[in-house]
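Quick notes on the structure that follows.
Each value in this text was obtained by applying a stated rule to the coordinates, not by laboratory testing. Here the structure is a predicted model, which is why all the values come from computation and not from measurement. All Cβ positions, glycine included, derive from the backbone under ideal geometry; neighbour counts span all protein chains shown.
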Amino acid sequence: MSTDSTARARLVADLVQEGRVRSPRVRAALEEVPRHLFLPELDPVTAYADEAVPIKSDGGVTVSSVSQPSMVAIMLEQLDVAAGHHVLEIGAGAGWNAGLLAHLVGPDGAVTTVDIDADLVAGARANLDAAGLDGVVTVTADGAVGHPPSAPYDRIELTVGSTGIRPEWVAQLAPGGRLLLPLTVRGSQLSIAFTRTEAGRLTSTSVRSCAFVRLRGAGAAPGAEEAVLPGGGWTVQAAVPQVDPATLRSLERAVREPGTDRPSPAPGSVSDLWDGLGLWCALADPAVVRLFGPAGPGPAAALFPVAGARAGLGLTGDDGCAVLLAEPAATIRAFGPGGDAAADRFAALVDGWLAAGSPHAADLRIDAVVPGVAGDAARGSAGNTGAGPAGDGAIIDSAGTRLTVSWASGGTAPSRDTA
Ligand SMILES: C[S@@+](CC[C@H](N)C(=O)[O-])C[C@H]1O[C@@H](n2cnc3c(N)ncnc32)[C@H](O)[C@@H]1O
């Protein structure tokens, strides 16, 4: 076996063992489509590390990458592609996932992949040709409007993050079709597989946590959910489109000053914290933020170690805030005059999550009503557009979709401000 084949076989075996790959069809696609041909600048063995590889940046920000194999596998399982399907991918990148899709649909199916950047599409085309996958149609276009010429599609997969569900994507689904996209819900990016139940209604069949670069063009988010603390170094990721200056001042205090500690029940592993408690808190209380600090010693060292950086959950209140620390183990630290009240709210959220059985993203169910789809059951019923409270516990995304989020453990996600 050649070096690249050995590295590929090892990667796939690991993905199977970790439960990322579940079906023989996805396994065969990953075994037979050579990822290293989509990363010609890397040596073949490096191309089989389970890591995303940035391939294009703009102003220091990554705008395209070859996705992480484990995430690609998770999403292909969510997508459930059958032989003969017509599939649209939005976000071609270097073309690797399009090649995997082509393998899955086989000779009787069709794959169209679009990317907003012509240079990326040219690269994807060349890579697909080098891999002998000439059945994929590559298109330079803004995927915000889908790709009407080849619609309808049995499957539409975005491999780029969106803050909203565009009606064009729903309208271009065939009956019984499935839309899979990384969608930001209250600041958390979730890979959600939706099936269409009526013209403008979707229901999730599978939800996972994910992290993708953001959609550019007409579907780009109107506002940023990220801000850097005034002192620099720390990034705040919030559930709302704009982080207000008072919140930033409050959090700045939290990462610089001593606070008052109180013990908290142990939330468990980093994945429990992030995909579980963090998601629970963000859905329950839009004042919850994620804090990402610089790696290394200093105040940051007391927070959760995530992906080489330091990170934590914060909750701001009137003139104070509370931060959940990993070290000392499971501690809620309160800052400022209003810190105790924020810490009480935080403690109640942790108790609620534990009482619900410590659910994760996979335990979520999300129903969506998408306005503006032709023959639309939802027309006029989601008149509230823009981010923010919907008045009935629903979350309104940036495209005006009304999302209703509930945990499998029962009931609608607890919500303190959406009533
Ligand atoms: C994470 S990369 C895609 C990864 C790729 N599918 C793979 O096989 O690894 C996301 C891609 O989405 C593209 N993109 C961003 N905004 C877009 C838009 N509005 N329409 C189409 N593609 C877009 C980016 O240029 C980037 O190449």
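Which value, in nm² and rounded to one decimal, describes the direction-averaged projected area of the C-alpha convex hull of the range 3-160? It would help to have the intermediate numbers written out before the result.
Details: hull surface 34.8 nm².
Directional mean of the projected Cα hull area for the range 3-160 stands at 8.7 nm².
How high is the FRET efficiency between Asp108 and Glu18 when r is their beta carbon distance and R₀ equals 25 Å, given to the nearest 0.05? Display every interim value, and only then the final one.
Details: r = 32 Å, r/R0 = 1.27.
Result of the calculation: an efficiency of 0.20.
Find the relative contact order for the chain and round it to a whole percent, using C-alpha pairs within less than 8 Å whose residues are 6+ positions apart.
On the way: 944 pairs, mean separation 47.1, N = 419.
Relative contact order of the chain: 11 percent.
Given the -39500 (n - 2.57) contribution per DSSP H run of 4+ residues, what per-residue ellipticity at 222 nm results for the chain, rounded to the nearest 500 deg cm²/dmol? Write out the running numbers ahead of the final one.
Numbers: 9 runs with 98 residues, N = 419.
Per the formula, -7000 deg cm²/dmol.
What's the exposure ranking of Asp43, Asp363, going from fewest to most Cβ atoms within 10 Å?
Values: Asp43 11, Asp363 18.
Starting with the residue having the fewest Cβ neighbours, the order is Asp43, Asp363.
Report the full-extension gain for the segment Lys56 to Ala126: residue separation times 0.36 nm, less the Cα-Cα distance, to one decimal in nm.
Numbers: separation 70, 0.36 × 70 = 25.20 nm, distance 1.63 nm.
Contour length minus Cα-Cα distance gives 23.6 nm.
Taking the Cα atoms of the range 28-84, what is the range of coordinates along each of the three principal axes, in descending order and whole Å?
Sorted largest first, the three principal extents are 40, 23, 20 Å.
Can you tell me what the convex hull of the Cα atoms of the chain projects to on average, as an area in nm²? Write out the running numbers ahead of the final one.
Working: hull surface 79.9 nm².
Here the figure is 20.0 nm², rounded to one decimal.
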